[in-house]
Amino acid sequence: MTSTTAAAPKVRFCSVISAESGESLFGSAAYTKRRLMIELPLPWKKPAFESPNAPAGFTSLIRGLWDRGIYPAMTMIAPDEAWSMEGQTRIIEYRLPEPPFSAFAQREYLLPTDRVAELIEPLLRDEHGDSLDEFLQTSQPGQRDYMVCTHGAVDACCAKFGYPIYELLRAMAHNPDRNLRVWRCTHFGGHRFAPTMVEMPSGRYWGHLEARDLGPIVRRELPRELIRKRYRGWAAIPRGPAQWAECEHFARAGWDWADALVTPGDTPPSSTDSTGEMPQKASFAFTHTGRRVNGSVDVNVAPNGSVQTADSSGREIELRDAEQFVATLFPRNTGNFFD
């Protein structure tokens, strides 16, 4: 007599479900006016600041801030032998300037690791002023930082799909002409779009990446039809209709849009979860010196059906409807910028 054992159900990856459904990535970037990237050695827990290699006092400091209703926007990055220093913890602060802007302003610090908890609290509260200036580092002009999510403790697809993309992108950083740093990082939202990464200081998010996308993104040559498939959004714009509208701008104009100085108009409601029958409206004024364009665009963002997606990976998956949208542009004084 032969006995059989039922096979355990396989893990279903939310990023695979999302990609197969045709879910748009537009409007899914985490909006922030200020974000800190903090070196933290692996392994990472969930939440990352409770990881075993956190500097002494760091976990209790963050918990104390949370208890007081202070939630600093943080992403942890794994130290890299090419850029990290023994006994030092690198912290990169990005802040959105007043408009018009095209990227975040950047300040970078190297703090003694054994003093991180002592020194970082005013930075986390954004009350540090010039108190950390002795730890400031000189940023290399034109340098770009790519952060690839590999935080498997949050969702398995980030490790499974994110790490190979990180390795390929990290190899590109060996070429000094590219002026890149590439980091493994903790969760920054949207693991159903894994492999996903954010480029700083531009603040642009990408997802559902394939190996062949990386070179064109780094060289700023990714064609418009792939921008439409891989671009998640700009952290400088609140999520919702305005961010979806900005994504449409990028997909229509291509990389020239990334060089434009942008002044967003009044922001419509911050969620596209329920736009109703009428379109939501957004607007952008912008200047592009190279193209000699000084114009503006009004945008209508309206519902465009839905697809089924999943918010996390697992053996048992709960599907939900993800509403999709379409953006219609009404340019003024922009010539053929969006043709």
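The values are calculated or read from the model by the stated rules, or taken from the named source; none is laboratory data. Note that the structure is predicted; figures quoted are calculated from it, not measured. As a convention, Cβ positions derive from the backbone with ideal geometry for all residues, glycine included, and neighbour counts pool all protein chains shown.
Conditions tested, residue by residue: (1) of a type in the set (Phe, Trp, Tyr); (2) modelled with pLDDT of 95 or more; (3) not in a loop (DSSP other than H, G, I, E, B).
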{"position": "246", "(1), (2), (3)": "no, yes, yes"}
{"position": "251", "(1), (2), (3)": "no, yes, yes"}
{"position": "268", "(1), (2), (3)": "no, no, no"}
{"position": "271", "(1), (2), (3)": "no, no, no"}
{"position": "275", "(1), (2), (3)": "no, no, no"}
{"position": "281", "(1), (2), (3)": "no, no, yes"}
_Please go through the stretch 55-70 and give me each residue that is of a type outside the set (A, V, I, L, M, F, W, C) and either in a loop (DSSP other than H, G, I, E, B) or closer than 19 Å to residue 184 by Cβ (or both), ordered by number._
55, 57, 68, 69
*Only one of (1) exposed (fewer than 13 other Cβ atoms within 10 Å of the Cβ); (2) over 24 Å from the mean Cα position of the chain (by Cα) is not met by residue 98, so which one is it?*
(2)
*Quick one: residue 19 ticks every box in (1) surrounded by 15 or more Cβ atoms within 10 Å (Cβ to Cβ); (2) within 24 Å of residue 133 (Cα to Cα); (3) not acidic (Asp, Glu) except a single one, so which number is it?*
(2)
*Hey, can you tell me all the residues within the stretch 31-72 that are buried (at least 20 other Cβ atoms within 10 Å of the Cβ), in contact with a helix residue (DSSP H, G or I) (Cβ under 6 Å, 6 or more places away or on another chain) and under 21 Å from residue 95 (Cα atoms)?*
62
*For residues that are in a loop (DSSP other than H, G, I, E, B) and within 30 Å of residue 315 (Cβ to Cβ), tally how many sit in the stretch 133-174.*
6
*Tally of residues being touching a strand residue (DSSP E or B) at 6+ places or on another chain (Cβ under 6 Å), surrounded by 23 or more Cβ atoms within 10 Å (Cβ to Cβ) and either at pLDDT below 95 or assigned to a loop (DSSP other than H, G, I, E, B) (or both) across the stretch 189-202*: 1
*asked:* So, in the stretch 280-307, exactly how many residues are within 24 Å of the chain's Cα centre (by Cα), without any contact (Cβ under 8 Å) to a residue 40 or more places away in the chain and within 10 Å of residue 260 (Cβ to Cβ)?
replied: 1
*Only one residue in 52, 79 is part of a loop (DSSP other than H, G, I, E, B), of a type outside the set (S, T, N, Q), out of contact with any Lys or Arg (no Cβ under 6 Å at 6 or more places or on another chain) and without any contact (Cβ under 8 Å) to a residue 12 or more places away in the chain. Which one?*
52
_Single unsatisfied condition, residue 184 versus (1) touching a helix residue (DSSP H, G or I) at 6+ places or on another chain (Cβ under 6 Å); (2) in contact (Cβ under 8 Å) with a residue 40 or more places away in the chain; (3) not acidic (Asp, Glu); (4) not in a strand (DSSP E or B)_ = (4)
*asked:* Quick check on the stretch 136-158. Is at least one of its residues basic (Lys, Arg), in contact with a Gly (Cβ under 9 Å, 6 or more places away or on another chain) and under 22 Å from residue 80 (Cβ atoms)?
replied: no
